[in-house]
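Structure first, then comments.
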Amino acid sequence: MRRSVECNGLEYYLWLFTRLSAIMMLFAGAAGIVYANLLGRTVMDAPAQYRWAFFPIYWHVQNTGVPDVFPLWSNAFWRVCCTILLFIASLHGFNGLRVVVEDYVHRSTLLVLLKGLIVLLFMFVFGAGTVIIFEWF
Amino acid sequence: MRGYRVGLWEALRYRGGIGVLVWILHRITGLGILLFVSIHVVAAFFMNALNDSISTAVTHWYESHPVQVFVYFCVLYHALNGLRVLLEDFYPPLLRYHRELIWLQWAIFVPVFGLPAFFIAQGIVLGTP
C-alpha cells in the first residue's frame, strides 16, 4: 500500500490514479445505492444493491423494483459515462494486478510476458464490457 | 525495492502486526474483486453473443449465494481499507492514529458485513431464495 514512490514518472501517476479512481468509485457506488433505496418500491435483495452500486445501466437494474429505469439510465450520455467508469475501474483493477505480479515475479522475461498478458486481459475485459454497455450485438 | 520474496505463509508468520495482515487482506480481496468482475463481464458478453451453455453455467455460479457473500466481503473490505489508506496518504497526521483507524475500520466492517451475510446464510440454510 504505502510503497516508496518517486515523485515523478509513470509509477507516481499510477499511484495517484489508484487513489483518485478509488474516490470516484466510492462516490459512484454510494450514490447508486442511496438513489436506488430512496426510489425503490420494494425491499431490495443483495444482488440488486450490488447492481445499483456498480453500475446502473438500464438492463443491469431493470428488475430491481425501481420505477422508470428505462428512459433515465439508457441514453447515450449515460452509456458513455458507464464506459468511462468501466475503463477507470478495470484500469484500477489490472494495475493492482500488475503491482502484485511485480512483487512476486523477479525474472525479467517472465515479468514482461505477464505484463503483456495483463494488458491483453485489460483490453479484452474493457472491450467486452463496452460491447455489452452499448448492446452492439 | 526489488529483491524480496515473501510468500503468504512467511507473511502471516512475520510479526509485523495488524498492519501487515490488513495489507495482505487488501491484496487478496482486490484480486477477488478483479476475478469476479472479469468473469462477470466476460460471461455476460458471451451469454449475449453466443447464448452458450458454458456462460449460462458460469452466470448461475456467480449469482449463487456463497459467491454473493464472498463478493460482498471483498468489496466492503477493499472499500473500507482503501478509504483508510486514502485518508492516511492524503492527510499524513492521521498516521498517528493508524492502529485506532484500523480498529475503527473493523468496527464498521463487522456489523455492515455480518448482518447481510447472516441473512444470506440463513437463506441458504433454510432453502429460501
Quiz item: Just checking, which of A:F77, A:F55 is among the aromatic types (F, W, Y) and touching a Cys at 6+ places or on another chain (Cβ under 8 Å)?
Solution: A:F55
Quiz item: Looking only at residues in segment B:87-103 that are under 17 Å from B:I18 (Cβ atoms) and among the aromatic types (F, W, Y), which one is least open to solvent (accessible area, probe 1.4 Å)?
Solution: B:Y97
Quiz prompt | Matching residues in segment A:28-59 - criterion: being open to solvent by 30 Å² or more (accessible area, probe 1.4 Å) and more than 21 Å from the chain's Cα centre (by Cα) | solution = A:N37, A:L38, A:L39, A:R41, A:T42, A:V43, A:D45
Quiz item: For A:Q49, all conditions in the list (1) more than 10 Å from chain B (Cβ to nearest Cβ); (2) outside any loop (DSSP other than H, G, I, E, B); (3) of a type outside the set (F, W, Y) hold save one; what is the number of the exception?
Solution: (1)
Exercise. Filter segment B:43-74 for residues that are open to solvent by 70 Å² or more (accessible area, probe 1.4 Å), assigned to a helix (DSSP H, G or I) and not small (G, A, S) and give the result.
Key: B:F46, B:N48, B:I54, B:H60, B:W61, B:P66, B:F70
Self-check item: Meets criteria (at the interface with chain B (Cβ under 10 Å from one of its Cβ atoms), hydroxyl-bearing (S, T, Y) and touching a Lys or Arg at 6+ places or on another chain (Cβ under 9 Å)) for A:Y104
Solution: yes
Practice problem: Check B:V125, B:V112 and return the single one that is free of Cβ contacts under 8 Å to residues at least 40 places away in the same chain, open to solvent by less than 70 Å² (accessible area, probe 1.4 Å) and of a type in the set (V, I, T). | Solution: B:V112
Quiz item: Hey, among the residues in segment A:119-137 that are more than 9 Å from chain B (Cβ to nearest Cβ) and surrounded by 15 or more Cβ atoms within 10 Å (Cβ to Cβ), which one's nearest to B:I39 (Cα to Cα)?
Solution: A:F122
Self-check item: Filter pass, B:R84 being assigned to a helix (DSSP H, G or I), buried (at least 16 other Cβ atoms within 10 Å of the Cβ) and among the charged types (D, E, K, R)
Solution: yes
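The values are calculated or read from the model by the stated rules, or taken from the named source; none is laboratory data. Just so it is clear, the model here is predicted, and its values are computed rather than measured. All Cβ positions, even for glycine, are placed from backbone atoms using ideal geometry, and neighbour counts span all protein chains on display. Ligands, DNA and RNA are stripped out before the accessible areas are found, and what is left, the full protein with its side chains, is counted by its heavy atoms. Shrake-Rupley method; radii C 1.70, N 1.55, O 1.52, S 1.80 Å.
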